[in-house]
Amino acid sequence: MAVYVANLQINQGADFSQTFNLANTIGDTSFNLTGYAVEAKMKKHAAAADTSATAFTAAIENATNGTISLALTDTQTSALKAGRHVYDIVITENSGSYLKTRVIEGSVLVREGVT
């Protein structure tokens, strides 16, 4: 499976949600996420020394269609610093091997709110 780059935009103080559909790299079919778990985090910098990651609420919405959703509450987005961040989504195979694969990564633009 290839890593897809998708850039996000999040408004401070507002709820955030985004849905992704994973596809197989061979053929034009959805990637079946049955038997997988998903997690996603964002940081100001990808460097290992930066430990202030924000975890998205990540869920597999439809396993057979390869649909993943990410969400942050308005409280979580209020706590984010405005500017550019990075994020990734990792799936873990739960079949005993627990193989982890980064499937999506990109940048996040956090926009300041007025209200």
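Some points to look at:
- Rolling a 1.4 Å probe over the protein heavy atoms gives the chain an accessible area of 59 Å² per residue.
- The alpha carbons of the range 25-71 occupy a box of 38, 22, 16 Å along the principal axes, longest dimension given first.
- Carbon plus sulfur fraction of accessible area for the chain, probe 1.4 Å, in percent: 49
- Net dipole in debye of the chain [+1 Lys, Arg Cβ; -1 Asp, Glu Cβ; about Cα centre; nearest 20]: 340
- Relative contact order, whole percent, for the range 39-115 stands at 27, derived from Cα pairs under 8 Å and 6 or more residues apart.
- The Cα atoms of the chain cover 44, 29, 21 Å along the three principal axes, with the biggest extent listed first.
The values are calculated or read from the model by the stated rules, or taken from the named source; none is laboratory data. Just so we're clear, the structure is a prediction, and the values are computed from it rather than from any experiment. Here the Cβ is made from the backbone with ideal geometry for all residues, glycine too, and neighbour counts use every protein chain on show. These area figures cover heavy atoms from the full protein model, side chains too; ligands, DNA and RNA do not enter into them. Shrake-Rupley method; radii C 1.70, N 1.55, O 1.52, S 1.80 Å.
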